[in-house]
Structure formats: C-alpha cells, structure tokens
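Scroll down for the structure; my scribbles are underneath it.
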Amino acid sequence: MKKLLIPSLLLAALPAVAAINVSMPANPTAVLSVTETPIGVDSIVAQTSLTLVGGKGAYVTQSLEPARIIISQDNAPIATVYSASPKDELTVIIPAEGAATYGGSELMDGINTLSMAAAPIEAEAMGLQALAATDPAAAQAQYEKLVEKYKAIFTDFIAANPGSPAVTYAMLNLDAPQFMEVYSSLSPEARTSILMPMVERQKAGVEKQLAAEKRIAEMQNGTFEAPAFTLPDLEGKQVSLSDFRGKWVVLDFWGAWCRWCIKGFPELKSAYSDYAGKIEVIGIDNRDTPERWREAVAKYALPWVNLYNDTEQPAGTALLESYAVQGFPTKVVIDPQGIIRNITVGEDPEFFSKLKELVK
C-alpha cells in the first residue's frame, strides 16, 4: 500500500493557531488584557492587550498546544477560554453584567451550560453580604443551601453527560470527597479532555487535603501533644511553645495578605480580653516579609504574642506541616498540659463557641 501523502498546500491551508473571537457590546472600545498559559502549567506563553473595535476583537493563540486564555479588564478576570487545537474558532460574549457566554467547541459549549446555570446562584451568594453584616447566622444558613445547589449543578451535569469533555471542568468545582468519587469513575471519553492535566493537579491537592484532614482528626483526639517550636518575636527574642505550659494557648496561623485572617481579629481580641489570664494567644505570621509582618501587627494593634514563621525556609514549611495547616487562618487550641484540643481551619464563628466550651 502506498503511503498517503498530504499535499503541503493543504497543510498550509490549516490554521496554525486558534482564534478567540471576543464580543463586548456594552463597551465597544474596551481595552482588555489577555494571558495565555498551557493547560495545567503556570508558565505564561503570551500576555498582551486586546483593543475592541465596535465591541469586537480577536485574539490569536501563540501556542499549538492546548491553552487556557484568561481575558481581564482592569486587572479583574472576566472570561476564561480553553483552546483544544489550532483548528479552534471560539467565541466569547462578555455582557455588561453577569457571566460571559461561550461557544465554538464541545468543551466550551459544556462550560457555557455550566456557567449559565451557576451564575444566578453566584449572584445570590454575593447578595448575602448585606445580610451577613446584620445576621451572620442567617446568612451562613442561606449560604450553605446555595453551596449545595451550586454543587448539584456540576454533579447533575456529570451524571447526564459522562462522555463530555466538560466533565473535567465540572469536577474542578466539586468538594474533595465528590471530586475523588467522580475521578475514580471517569469515562474513557472524559479522560481525553484537554483539562485532564488540571484535574490531575487538583487530584494531588485533594489527596494532600484529605490527608491533612485525617491528620487533624487524629490530632484532636485528646492525646496528641502539640508539636514544639521556637520562633522570633517582634524584638527578635526566641520564644518557644513550652514557655506557655500551664496555660490555655491559642495558636493563630495568619498572614497580612489574608483578608479572612484580618476579618477575624476583632472577635479574637474580644476572646483574648474575656479570658484574660486564662489563655494566651500566639499569632504566627506566614508568607510575609518581616517588614510586612511588623507593619501589620502595628496596623491592627495585635495585643498578644506575635511570632514570625519564615516559610521560605524548610523549618517554616515543616512547622505548617506539623500542625497540618492547609489554609489561613488556622487556629489551634492547646490545653495547659500541652495537648491539642481543637483545630479550626478558616474564619469560623464556631471556633469561639468551642473555645468557650473548652476553657470553661
């Protein structure tokens, strides 16, 4: 059998790159920024501006490989497009309000279906901010219901479209147990999706998260001694956890870059005042420069012991691992005998109820 020869003219006729056609009717002369990265990789292939004419413009991809294209306005991402091949001719329409709509490939059609279904729930969640200021408990209860509705959009899509390449996109929006359940039963068709590298990266993170949650559960069984550490305070003095044996201790792992950490300071200050003489709070700053840490301590007038953990050093990373810190803030309650009694990840009002129960 003769080898099939493809004429060079035919090859030349194929597009060497993908085209992303952008439409923004409400802002016909907008200047957008476009960032292109390979799927599942952090390195940037291209970063440029896109000026719309008559509300329209086109971005031509720079890579022949599958790519993620993030479109931003005023440094805020407003659309994300995934290009599978140089043959793609994709579209994105960006409205004045609400979510962008997509088309041009089976993957982007699926993502569009999911985005349109999720947009009203995301808007409703944003609307809870006012309620949270006056009735946090009610806002939290409503938020939890919205989260369940949100996750159902993605799980229902996966169940109804097991072979769709957008199944991998839907997976990225699931919680850890759901993600692992779907991953274990992924269809062969879904595994060919260009988003599989992102799924594999998330899988590694989920496995790490689940291991940390298991470790946290083990550390809260009432017999686990808090790992020892020694860190510098604001004056450069080395302070050890053992210096506080005989007192209840709250370790607050935080960072000046973490808005939820900062949001929790007022209530933590109230608890520190209410339990004066009974507990000691030790704030442990992470992922800041020493200068930024000192500025933040002064700015927020943190009245407790403040220590600096240099996470650029192996010992700093090891400290976070020893306490299974996976997010910020993380608060750890240690009893007078040096035993861990509670670990709370995130800014959770329930922490203070638990602290009250333990200290009493």
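Kindly check whether there is at least one residue in the range 210-222 that is surrounded by 13 or more Cβ atoms within 10 Å (Cβ to Cβ) and assigned to a loop (DSSP other than H, G, I, E, B). Within the range 210-222, one or more residues are surrounded by 13 or more Cβ atoms within 10 Å (Cβ to Cβ) and assigned to a loop (DSSP other than H, G, I, E, B). Checking each residue in the range 250-294 for being open to solvent by 20 Å² or more (accessible area, probe 1.4 Å), outside any helix (DSSP H, G or I) and within 15 Å of F351 (Cα to Cα) picks out only Y275.
The condition of being under 22 Å from the mean Cα position of the chain (by Cα), β-branched (V, I, T) and open to solvent by 20 Å² or more (accessible area, probe 1.4 Å) holds for only one of V147, V206, V199, that being V147. All conditions but one from (1) surrounded by 15 or more Cβ atoms within 10 Å (Cβ to Cβ); (2) assigned to a loop (DSSP other than H, G, I, E, B); (3) touching an Asp or Glu at 6+ places or on another chain (Cβ under 8 Å) apply to I44; the one that does not is (1).
Elements of the type helices (runs of 4 or more DSSP H) sitting completely within the range 93-162 and holding at least 1 residues that are under 23 Å from G57 (Cβ atoms): these cover 106-126. Do the conditions hold for R201, that is, is it touching a residue at least 40 places away in the same chain (Cβ under 8 Å), over 30 Å from N161 (Cα atoms) and not in a strand (DSSP E or B)? Taking the combined requirement at face value, the residue does not satisfy it.
When the range 117-139 is filtered for residues that are touching a helix residue (DSSP H, G or I) at 6+ places or on another chain (Cβ under 9 Å) and in contact (Cβ under 8 Å) with a residue 60 or more places away in the chain, nothing remains.
Is it true that V297 is outside any helix (DSSP H, G or I), open to solvent by less than 20 Å² (accessible area, probe 1.4 Å) and either over 18 Å from A271 (Cβ atoms) or out of contact with any Pro (no Cβ under 7 Å at 6 or more places or on another chain) (or both)? In short, no.
The values are calculated or read from the model by the stated rules, or taken from the named source; none is laboratory data. Source: prediction; values computed, not measured. In this analysis, Cβ positions are derived from the backbone assuming ideal geometry, glycine residues included, and neighbour counts consider all displayed protein chains. These accessible areas exclude ligands, DNA and RNA; they are computed on the full protein's heavy atoms, side chains included. Shrake-Rupley method; radii C 1.70, N 1.55, O 1.52, S 1.80 Å.
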